[in-house]
Each structure stands twice: as structure tokens, then as C-alpha cells.
Amino acid sequence: MKLQRGYLVDFVSLLFPELCVACKESLVANEHLLCLSCRYDLPFTNFHLQSDNIVAQQFWGKIPLEGAYALYYFNKEGKIQNLMHQFKYKGMKRIGNLLGNIAGEQLIKNEIFKTVNLIIPVPLHKKRMIQRGYNQSACFAEGLSKKLNAPVEVNNLVRAVATETQTHKSRFARFENMKEVFSTINPEKLMNKHILLVDDVITTGSTLEACGAQLLKIPGLKLSIATIAYAE
């Protein structure tokens, strides 16, 4: 019976092959979401090895960070754009969990990130959450949680205001658009904690800066940042 089921699975896979979410080539046995080639050859930043990396530099003089990180470089029309499009707009939440695991395997090698107490994803507004059905940053956070052994906190930092799209805005305009957007529900729970704030893609950093500025109002809180991709 198991042999017959195996033949059936192989037959279905032949007719409807599962494709790699990055390169769109057919996956083979034991490959999951990413083909073996993409798993190792995607544009890793290795920012976990560089304390003064480009992401960290974006926040110098703005908000104090313990550590800053992005897993991949993001280039338009590239494999990471393919991957992120399916993750954010095609309902493939599993991608976030996988990438969180991959990122966590890197971050656990860095002493700074070993001290993280809680992981907080950048929140979506309720209307956007209803439209999309899930918060992609929370999916990424769940994958990170398994490797960093730190729980995910999704109900404390909230987005109180639905903002306009950030696309095509300057850095200053983006920051102005994010002022007073975020708030904390139970700040006492975050006191004296090392928080890892996570998002999907960082461009100007205005959203993360606004979230971070709100969190850093809490006494004793230390802040680090991690994203899936950095848009050059």
C-alpha cells in the first residue's frame, strides 16, 4: 500500500511539479520550497559577521542598536524578488518560517543575538491584516524563534494608524509618514529585555526606526533588528 502511494505521489509530482520559490525550477526529492542550488547560492549578506554592516549604519545617530542584520541582498527582477512576491502576496506563509530558520542558524553564531529575550515582528494594521490574512514578518519571526530559543510577542507592539504606501517616497517623507503610528499595549512586559525587532525587507529603515523609537521609550530595553532582505 505504501509503495502504491509512493508511485501516486511521484506521478502527481510529474504532472504538477513543485517549483523552487526563488528560481522557479522543479524541485526534486527531499527539496522543500528552495532547491539545493538556491539554498546555498542566494545572495547572502553575512551581516551577522559584521557589526558595522550597512543595515547598522542606517541607524547610526537615530536609534541605538545592539545588533543589525539582513539575511539576503534584494535586487529587482532577481530570485529574492520572486521569493518575496510569493511570500507576501501568494499566501505562501511557509517561506517565512523557512527563511527564519535559515537566518536563525546564522544569528545563533553571533554572541549579541544569543541574548535576545523576545522577538517582535513589525505589526500590520488590522485592515491590512484582514486583506492579506497573515503578517509576513510574524511568519519570519516564528522561524527565528525556533533557532534563537526566544518567544515571539505579537500583541504588544501595535500599528494604530493605517499609513499610505511607502513606495516612491523619499526617506524623509517615509519617516514623516510613520510618526506616531506605533504604540505598545503592555510596556512593562518589555522592561529590561533584549528585543529583536523583525521585518521582511529594509529599504530606508523608516518603519523599523519608528517602531524602534517607540520600543526604546521603555526603561532598560535593548534593541536589535533583523530582516529577510536588504534593498540596495
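The values are calculated or read from the model by the stated rules, or taken from the named source; none is laboratory data. The model shown is predicted, which means the values in this text are computed figures rather than measured ones. With ideal geometry, Cβ positions are generated from the backbone for all residues, glycine too; neighbour counts draw on all protein chains shown. Areas reflect the complete protein model, heavy atoms only, side chains present, ligands, DNA and RNA absent. Shrake-Rupley method; radii C 1.70, N 1.55, O 1.52, S 1.80 Å.
Some values worked out for this structure:
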quantity: Candidate lysines - alpha carbon under 25 Å from Lys62, same-chain residues fewer than 8 apart omitted; calculated: Lys114, Lys169, Lys179, Lys189, Lys193, Lys217, Lys222
quantity: Å² per residue, accessible surface of the chain at 1.4 Å; calculated: 54 Å²
quantity: Using a Förster distance of 22 Å, the FRET efficiency for Ala231-Phe44 (Cβ separation, nearest 0.05); calculated: 0.90
quantity: FRET E, pair Lys127, Glu180, Förster distance 25 Å, beta-carbon r, rounded to 0.05; calculated: 0.90
quantity: Point-to-point label distance, Thr115-Glu188, nm (Cα→Cβ direction, 7 Å offset); calculated: 2.6 nm
quantity: For the range 120-165 versus the range 49-99, the gap between their alpha-carbon centres in whole angstrom; calculated: 15 Å
quantity: Total charge dipole magnitude, the chain, about the Cα centre, Cβ charges on Lys, Arg, Asp, Glu only, Debye to nearest 20; calculated: 560 debye
quantity: Structure-derived Cα extents along the principal axes in Å: which label, when the choices are (1) 49, 46, 37; (2) 61, 37, 32; (3) 77, 34, 32; calculated: (2)
quantity: Relative contact order [Cα under 8 Å, 6+ residues apart], the chain, whole percent; calculated: 22 percent
quantity: Reachable aspartates and glutamates from Lys147, criterion Cα separation under 12 angstrom, eight or more residues apart if same chain; calculated: Glu105
quantity: Other-chain or far-sequence residues with amide H under 5 Å of Leu71's (modelled H); calculated: Thr227, Ile228, Ala229
quantity: Summed side-chain charge close to Leu107 - residues other than Leu107 whose Cβ falls under 11 Å, Lys, Arg +1, Asp, Glu -1; calculated: +1
quantity: Zone residues, the range 217-232, relative to Ile54, backbone N less than 20 Å from point 7 Å out along Cα-to-Cβ; calculated: 225-232
